[in-house]
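Report on the structure given below.
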Amino acid sequence: MTSPSSRHVLIAGAGIGGLTLACALRRAGVRATVFERADALRPVGAGITVQMNASVALRRIGLCDAVVAEGERAEQTLILDPAGVRITGFDARSLQVDLDAPMVSIHRARLQAVLRAHAGPEEAVRLGVSVTDFQDDGARVTVSLSDGGTVSGDVLVGADGLRSAVRARLLGAQPTRYSGYTSWRGICVAPDLVKDGHFTETWGPGARFGIVPIGHGEVYWYATLNAPQGSEDAPGQTLAVLQERFAGWHAPIAQMIAATSPERVLRTDIHDRPPVRRWSKGRVTLLGDAAHPMTPNLGQGGCQAIEDGVVLGECLAAPGSVEEALRVYESRRVKRANEFVVRSRQMGQMAQWENTAARFVRDALIRRVPESAARRQLQTLVQGMR
Ligand SMILES: Cc1cc2nc3c(=O)[nH]c(=O)nc-3n(C[C@H](O)[C@H](O)[C@H](O)COP(=O)(O)OP(=O)(O)OC[C@H]3O[C@@H](n4cnc5c(N)ncnc54)[C@H](O)[C@@H]3O)c2cc1C
């Protein structure tokens with residue numbers, strides 16, 4: 001049995017989850033090599049909200065302050081109707097103080113840069129090589145790479161996202177599950193259009209629009225719309241389509257779309273996978289979207305990838321065999337992450353309702369839920385990571 005300090009961990013994928021794991025292992029003195037398919041770290045041009053549970057996880061590996069410094073702290077989070085009238089929300093500033101846990105939105109490139117800076121020397125993250133296959137002989141695991149090479153280590157972690165090759169090899173290839181709605185994400189420079197720290201999401205018939213300042217004078221926005229899978233915008237028409245679809249919704253939605261360059265908009269159909277109870281076999285495991293891809297309705301996909309990376313890093317740095325470490329990792333992570341998969345899907349289905357009467361009743365019921373209920377839920381969430 002190798003001691004943790006002489007272990008070599010192989011990681012497929014340098015997304016949020018793979019890099020967080022590399023940072024956690026480096027801090028614990030365990031060697032890791034990350035293989036990333038892309039030839040440069042080019043995260044999608046969008047923002048991401050790092051919720052309080054994920055910032056508490058980042059604090060455990062010493063990276064919370066660095067991430068907070070690059071993003072924008074939440075002051076208020078609100079759900080509105082298309083006229084701009086509040087449906088629900090909470091005072092994010094006071095909750096962060098009460099729970100001693102920051103909530104920030106950040107440009108993905110800045111988050112990735114912070115993680116990469118702490119993930120180890122240049123050779124710890126090998127760019128432009130995919131993991132194409134692996135062999136686990138019980139004592140070592142050997143990965144085959146797209147450049148024809150092979151590398152052996154003590155454990156392989158598939159952190160290779162929604163369409164993970166490691167997962168397909170480990171659990172069998174399964175199609176992803178389309179949610180019924182598509183999304184657009186954009187970034188514009190529009191600090192004066194949005195109040196500092198005000199994160200809003202507006203719910204209309206079969207469509208939503210979110211506005212999130214991400215610091216550095218930039219604002220991230222996203223839109224969702226019920227649509228057939230694989231439908232596309234006519235070339236050059238994306239912003240016009242969005243202007244038309246969200247016409248009549250409250251300010252500054254039209255202004256945000258108008259302030260965005262077409263090349264800074266990204267369209268993604270929303271998929272997840274039904275939860276599974278095992279992510280590991282032998283010396284191979286999964287984390288992040290490779291393990292538990294979820295719809296983005298609770299803003300937890302990346303946050304759960306961060307939690308996975310921190311916890312798996314702790315498990316692999318603890319004395320004991322690799323197999324034991326992976327068992328403990330699953331026991332600490334599977335139930336919690338899978339609950340988000342289920343709840344995110346339910347939340348998305350309800351938030352995308354089109355029927356006017358059903359939406360009226362939904363909004364009226366949500367308005368009656370006291371803010372204290374949301375606070376208690378977030379408290380439980382944060383405590384789960386302490
Ligand atoms: C519209 C939208 C909004 C979202 N908003 C939020 C939010 O606000 N907060 C939040 O927490 N989450 C959010 N998410 C979810 C979040 O983006 C994902 O859950 C998160 O990126 C998952 O990280 P990951 O590291 O597991 O996977 P990924 O980010 O997908 O990274 C996987 C990496 O693996 C690489 N790769 C793939 N195959 C291979 C291979 N064979 N070999 C080597 N490398 C490979 C890829 O190039 C990539 O770099 C959102 C998602 C969407 C679609």
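The values are calculated or read from the model by the stated rules, or taken from the named source; none is laboratory data. It should be emphasised that the depicted structure is a prediction, and the values quoted were computed from it without experimental measurement. Here Cβ is always computed from backbone atoms with ideal geometry, including for glycine, and neighbour counts include all displayed protein chains.
Details
- The condition of being closer than 30 Å to residue 31 by Cβ and either part of a loop (DSSP other than H, G, I, E, B) or of a type in the set (A, V, I, L, M) (or both) holds for only one of 373, 318, that being 318.
- Scope segment 122-150; condition in contact with a Phe, Trp or Tyr (Cβ under 7 Å, 6 or more places away or on another chain) and either exposed (fewer than 12 other Cβ atoms within 10 Å of the Cβ) or among the β-branched types (Val, Ile, Thr) (or both); matching residues: 129, 131, 141, 142, 143
- Members of segment 44-71 that are closer than 16 Å to residue 99 by Cα and more than 8 Å from the ligand (Cβ to nearest atom): 52, 53, 55, 56, 57, 58, 59, 60, 64, 65, 68
- Test: residue in segment 225-241 that is in contact with a Gly (Cβ under 9 Å, 6 or more places away or on another chain), part of a strand (DSSP E or B) and either surrounded by fewer than 21 Cβ atoms within 10 Å (Cβ to Cβ) or not acidic (Asp, Glu) (or both): yes
- Answer from 187, 257 - the residue that is touching a Phe, Trp or Tyr at 6+ places or on another chain (Cβ under 6 Å) and aliphatic (A, V, I, L, M): 187
- Just one of (1) modelled with pLDDT under 90; (2) under 15 Å from residue 78 (Cα atoms) fails for residue 384. It is (2).
- Meets criteria (in contact with a strand residue (DSSP E or B) (Cβ under 9 Å, 6 or more places away or on another chain) and either more than 30 Å from residue 172 (Cα to Cα) or among the aromatic types (Phe, Trp, Tyr) (or both)) for residue 274: no
- If you go through segment 19-37 and keep only what is touching a Gly at 6+ places or on another chain (Cβ under 7 Å) and near the ligand (Cβ under 10 Å from one of its atoms), you end up with 20, 21, 34, 36.
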